[in-house]
Amino acid sequence: MQQLSVKHLLGIKDLTAEDIHLIFETADNFKQVINRPIKKVPSLRDITIANVFFENSTRTRLSFELAEKRLSADVINFSSSSSSVKKGETLLDTVNNILAMKVDMIVMRHSSVGSPHFLAKHVKCKIVNAGDGTHEHPTQALLDAFSIREKLGDVAGKKVCIFGDILHSRVALSNIFALQKLGAQVMVCGPKTLLPTYIQELGVKIELNLRKALEWCDVANVLRIQLERQTIKYFPSLREYSLYYGINKTLLDSLKKEIVIMHPGPINRGVEITSDVADSKHSIILNQVENGVAIRMAVLYLLAGASNN
């Protein structure tokens, strides 16, 4: 069995292009599995996985849980809102208590940047980063790139623009790393206040004009405005943001080409994207959700294989 070059999935930054292609090829096989009448394989029947979420999540947690169950793993779910963390227990103590129950792998989401990296240095099990603060969200970037490959045949040479709240997004950073490793050209577009100062250092194009960015790209990956992470106002109002940066069908129809529309969810309909765009033939948003299960199955399977050597 081919192996990843890493023992954990902490971020796209740590992966090679070969790692990403291996994950995609493995996900291709698992996508066939989840479209069969019997959607389960016994690949991880001896493995116990804990989903440890210190932040609210619906899509990512459900997608991981379904991926784990499709692989026949034993699954336990941990939510910090009903745990001893509320009583002052540290992250390391919490995880060590979970590991004492003979857990082999931890899928973790945490609001603090670098928390999965910290854990990987202090515990012996495999760690999968399901999002750390505004840093990375590696499986989302993998499923996004996988969805582009599925729709357009290849990622290399494609022009992908990431729109919206780049400053507060962990999806944006992971996507930039993944797309560049796979040979795509990457642009970001949004209000200047929502573009981080370091963005130019990542080798991406920057465009403040929505129409110009849409005319340039083959794929538009539209991000949600993350009001829950914004401690100050970055733009006057959601209405004004929608006016200047909202993507609607009239705008798309006025372009001289068709572009692929993506969104990691959840969608703020009528803010960054209108319903007639989200539900149009241009959109592959539901394909992304389906591909998320196959990609996460591939990641868990490959990491579990590495842990048994």
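Every read-out reported here was derived from the displayed coordinates using simple, explicitly stated rules and does not represent laboratory data. Computed from a prediction, not measured in an experiment: that's the story for all the values here. When we count neighbours, we look across all protein chains shown, and the Cβ atoms used for this are built from the backbone with ideal geometry, even at glycine.
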(request) Would you kindly enumerate the cysteines in the chain that have no other Cys beta-carbon under 4.7 Å from their beta-carbon? (result) C125, C189
(request) For K7, list the lysines whose Cα falls under 24 Å from its own Cα; do not include residues on the same chain fewer than 8 positions away. (result) K31, K69, K102, K121, K124, K126, K181
(request) Based on other C-beta atoms within 10 Å, arrange S254, S242 from fewest to most. (result) S254, S242
(message) At a 10 angstrom cut-off on C-beta neighbours, averaged per residue, how do the peptides 19-32, 92-105, 162-175 rank from highest to lowest?
(response) 162-175, 19-32, 92-105
(message) Going 7 Å from the Cα of H21 along its beta-carbon direction, which residues of region 109-147 have the amide nitrogen within less than 14 Å of the resulting point?
(response) none
(message) Could you compute the net charge surrounding T48? Neighbours are other residues with a C-beta less than 14 Å from the C-beta of T48; K and R count +1, D and E count -1.
(response) 0
(message) Straight-line reach only, C-alpha to C-alpha below 12 angstrom: list the aspartates and glutamates that K40 could link to, leaving out same-chain residues fewer than 8 apart.
(response) E68
(request) In whole Hz, with x marking every Gly and Pro, tabulate ³J(HN,Hα) for region 7-20 from phi via Karplus 6.51 cos²θ - 1.76 cosθ + 1.60, θ = phi - 60°. (result) 8, 10, 10, 9, x, 5, 3, 7, 8, 9, 4, 5, 4, 5
(request) Obtain the nm distance between the two label points defined at Q3 and K192 by a simple spin-label model: each point lies 7 Å from its Cα along the Cα-to-C-beta direction. (result) 5.0
(message) I'd like the Karplus ³J(HN,Hα) series for region 190-202: coefficients 6.51, -1.76, 1.60, θ = phi - 60°, whole numbers in Hz, and an x wherever there's a Gly or Pro.
(response) x, x, 4, 5, 9, 10, x, 5, 7, 4, 5, 5, 8
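What is the chain's relative contact order, in percent, from Cα pairs under 8 angstrom and six or more apart in sequence?
Contact order relative to length: 21 percent.
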(message) Let me make sure I get this right: for region 11-77, a, b and c are the square roots of the gyration tensor eigenvalues over alpha carbons, sorted descending. Under 1.5 in a/c it's rounded, otherwise prolate if a/b > b/c, else oblate. Which is it?
(response) oblate
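Per residue of the chain, what 222 nm ellipticity follows from adding -39500 (n - 2.57) for every DSSP H run with n ≥ 4, rounded to the nearest 500?
-12000 deg cm²/dmol
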(request) Treating cross-link reach as a plain straight distance, find the aspartates and glutamates whose alpha-carbon is under 17 Å from the alpha-carbon of K256, omitting any fewer than eight places away in the same chain. (result) E215, D218
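In what order do F78, F64 fall by count of nearby beta-carbon atoms within 10 Å, going from fewest to most? List each step's numbers first, then the result.
Working: F78 20, F64 27.
Lowest to highest Cβ neighbour count: F78, F64.
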